[in-house]
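Let me begin by presenting the structure, written as structure tokens, before commenting on it.
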Amino acid sequence: PEALMLLCEHSHDPDLIQKSIKKALSEFRRTHYDSWHEHREKFTEDQLVILADVLISPSYYA
């Protein structure tokens, strides 16, 4: 969780960094999807909210 939170802290950095971070987080989500029920237990509720905020596109709510 700590490594992912560090990436999330920089998710609003300049465009190239932002794209790289979102790609890495999306890849993490894709590769851990099948066992997410186990992995999510290692995150706090706040960390899960932060992760969701970064992974969900702002246009989703528009």
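Structure data summary
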quantity: Where a residue in segment 5-32 is farther than 14 Å from L51 by Cβ and its partner, wherever it lies, is surrounded by 11 or more Cβ atoms within 10 Å (Cβ to Cβ) and modelled with pLDDT under 95, with Cβ under 8 Å and at least six apart; calculated: H12/Q18; D13/I21; I17/H10; Q18/H10; Q18/S11
quantity: Residues of segment 20-49 satisfying the condition of being assigned to a helix (DSSP H, G or I), surrounded by 12 or more Cβ atoms within 10 Å (Cβ to Cβ) and not aliphatic (A, V, I, L, M); calculated: S20, K22, S26, F28, R29, H39, R40, Q47
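The values are calculated or read from the model by the stated rules, or taken from the named source; none is laboratory data. Predicted model, so just to flag it, every value in this text is computed and none were measured. Cβ sites come from the backbone with ideal geometry, for glycine too, and all protein chains shown count toward neighbours.
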